[in-house]
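Only one structure is covered here, and it is reproduced in the block below.
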Amino acid sequence: NGFHVAVVGATGAVGQQMIQTLINENFPIKKLTLLSSARSAGKKVNVNGQEITVQEAKPESFEDVDIALFSAGGSVSKELAPEAVKRGAVVVDNTSAFRMDENTPLVVPEVNETDLHEHNGVIANPNCSTIQMVVALEPIRKKYGLKKVIVSTYQAVSGAGAAAVEELMNQTKSIINEEEFEANILPVGSDKKHYQIAFNAIPQIDKFQDNGFTFEEMKMINETKKIMHLPDLQVAATCVRLPVAVGHSESVYFEIEAEGVTASEIKALLKDAPGVVLQDDPDNQIYPMPADCVGKNDVFVGRIRQDLDEKLGFHMWVVSDNLLKGAAWNSVQIAERLVELGIVKSK
Ligand code: 11C
């Protein structure tokens, strides 16, 4: 009984959360295979008190696997996801490798779960900053229609991996101790320059594209349209990295189609929305903050207010654990839905 599950990228920041989330959610596992690049192979990972040795991911690693959760970078997914599918596994891929491929569903269960039925072996898990925004926007789209979204993000360093968190910690200590320090990772490991993240804000996440937007900003723009099935939605994004370890925050401005809607009505709608926790009580200084969201699966929303000039326009503040709803939890939730909907069956 249960499923043979493989986690690819098992030693990474997201892979570790995927393993923990599978356990926390009591996912029906008959066998767990932990895979990684050659560099991390051989490491031992403690899973519920049992040591499992991580193996190098190869095409043959996927024999007998029912569900493979990938989070080891786009090139690994491009090479090995088709091999897993060839061997009968359903892949939930947390990289950008297949997200915009028209034959690959890009799924946030609260928004477009029915797209799971259209899969051809791979289901893409969206970018973390996109996921938390669409969970909050979808109930609004459904009831009032959606015309335009302008988002500014305040993103945690764990989005750039465990080494980026270490860089933040080390720089912070060095600056407090008035010591010399280095910047080697942020904003982007593979870009030409690196900047201090401690006590700073960097308006670059991923590399710049020819249109002046960064790749992270383009992910938010393109993925939102695809997930919400709104190709003509007007979306703009500015993505900024902050010295926060875990938890992305977003200031979201949106314009709806229906007239005469009040902020109280939007609050009432989001109070009962799936996957959303409303924390909106300015009189008592209640609003979401990343420090309170770490380790939780939900998307937290507050500061909902109507624009002072544009009556169809509203502002809200959206916070979530980028490693959970933004990555590991959304992937495991997809796997759960695949099982519950009978889309994946144990071999
Ligand atoms: C960040 N959003 O915070 C990125 C990390 O496409 O899944 C997630 C990258 C992705 O740096």
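We did not get these values from a lab; they are worked out from the coordinates using the rules stated. These numbers were taken from a predicted model, which means no experiment stands behind them. Glycine gets a Cβ as well: all are built from the backbone with ideal geometry, and neighbour counts include every protein chain shown.
Laid out as a table, the results:
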{"item": "DSSP bridge pairs, segment 245-347: antiparallel proportion in percent, nearest 5", "result": "85 percent"}
{"item": "Estimated D of segment 6-79 in µm² per second, where Rh is the Kirkwood radius over Cα pairs and Stokes-Einstein applies at 37 °C, 0.692 mPa s", "result": "266 µm²/s"}
{"item": "Count, lysine Cα pairs under 13 Å in segment 138-287, 8 or more residues apart or across chains", "result": "6"}
{"item": "Integer Hz, Karplus 6.51/-1.76/1.60 couplings in order for segment 286-293, x for Gly and Pro", "result": "9, 7, x, 9, x, 4, 8, 9"}
{"item": "Amide H within-cut-off set for S96, under 5 Å, with H built and near neighbours excluded", "result": "G74"}
{"item": "Under 15 Å, Cβ to Cβ, from N284 - net charge with Lys/Arg +1 and Asp/Glu -1", "result": "-2"}
{"item": "Rg/Rh (Cα only; Kirkwood hydrodynamic radius) as it applies to the chain", "result": "0.97"}
{"item": "Proxy reagent accessibility, fewest Cβ within 10 Å first, across R337, R99, R141", "result": "R337, R141, R99"}
{"item": "Stretchable slack from E179 to A291, in nm (0.36 nm times residue separation minus alpha-carbon distance)", "result": "37.6 nm"}
{"item": "Exposure proxy order (Cβ contacts within 10 Å, fewest to most) of T53, T153", "result": "T53, T153"}
{"item": "Rg to Rh, two decimals, where segment 36-152 supplies the alpha carbon set and Rh follows Kirkwood", "result": "1.06"}
{"item": "Max mean-square fluctuation residue, GNM over the chain, Cα-Cα springs under 10 Å, options S96, S320, S190", "result": "S190"}
{"item": "HN-Hα J in Hz across segment 263-279 - Karplus 6.51, -1.76, 1.60, θ = phi - 60°, x for Gly and Pro", "result": "4, 4, 5, 5, 4, 4, 5, 6, 4, 9, 7, x, x, 10, 10, 7, 10"}
{"item": "Convex hull volume per residue in cubic angstrom - Cα atoms of segment 120-257", "result": "125 Å³"}
{"item": "Cα centroid of segment 321-347 to Cα centroid of segment 172-187, whole Å", "result": "38 Å"}
{"item": "Percent antiparallel among DSSP beta bridges (both partners in the chain, rounded to 5)", "result": "50 percent"}
{"item": "Length gained when the stretch K86-D232 is fully extended (0.36 nm per residue, less Cα-Cα span)", "result": "49.0 nm"}
{"item": "Loop-located GluC sites (Glu not before Pro) in segment 68-140, at most 13 other Cβ atoms within 10 Å (DSSP)", "result": "E102"}
{"item": "Segment 269-299 and segment 64-121: distance between their alpha carbon centers, rounded to Å", "result": "30 Å"}
{"item": "Rel. contact order, % - alpha carbon contacts under 8 angstrom, at least six apart, the chain", "result": "18 percent"}
{"item": "Net length gained if the chain between Q306 and K142 were fully extended (0.36 nm per residue, minus Cα distance)", "result": "57.2 nm"}
